[in-house]
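Below is one structure, written out as structure tokens; the observations come after it.
Bear in mind these aren't lab numbers, they're just calculated from the coordinates by the rules spelled out. Here the structure is a predicted model, which means the values were calculated and not measured. Heads up, the Cβs are rebuilt from the backbone with ideal geometry, glycines too, and the neighbour counts pull from every protein chain shown.
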Amino acid sequence: MADRSKQTGRPRLYQTPEEFDAKVDAYYQYCQDREEPITWTGLARFLGFSSRQSIDEYLNYEGFSDSVKRAKLLVEWSYECRLFGPNAAGPIFALKNMGWTDKQEIDHRSGDGSMTPKPSVIELVAPGQYDQSED
């Protein structure tokens, strides 16, 4: 075990992944009870951090990787659910900052042989996903 008297810097707020997970669950319940959106900065503040990046620092601590990934997935899921609302511009912006991209496909072929192109299709694609049918 490390000698705490020789450690520098601020001590971690969460010593175990279970503590971290419990606080993330409490944030989820807090948002549900108040009908507030789940956000990345909201989670960081609720966890007691002074920046969003502080959550990512826990990726470096043994055993916290899955906990941090689940917390990020919770926030991403919240934004994704809000895409079906009347104004999806905000969630789209947030998802793009989480690695999602706009994928635009334009089909220039015409089913009846004329030169009139079909309307374009725009999809929001999650990071690492693509249409495998084109391979």
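Annotations
- Electrostatic tally near Q29: other residues with Cβ closer than 13 Å to its Cβ, Lys and Arg +1, Asp and Glu -1, net -3.
- Extension gain for Q29 to Q15 (0.36 nm times residue separation, less C-alpha to C-alpha distance): 2.9 nm.
- Charged neighbours of T16, selected by a Cβ distance under 13 Å, balance to -3 (K, R count +1; D, E count -1).
- Pairwise label distance in nanometres, L59 with Q104, each label 7 Å out on the Cα-Cβ vector: 3.0 nm
- Neighbour counts of C-beta atoms inside 10 Å place F64, F20 in the sequence F64, F20, starting with the fewest.
- Among residues other than S65 with Cβ under 13 Å from its Cβ, the summed charge is -2 (Lys and Arg +1, Asp and Glu -1).
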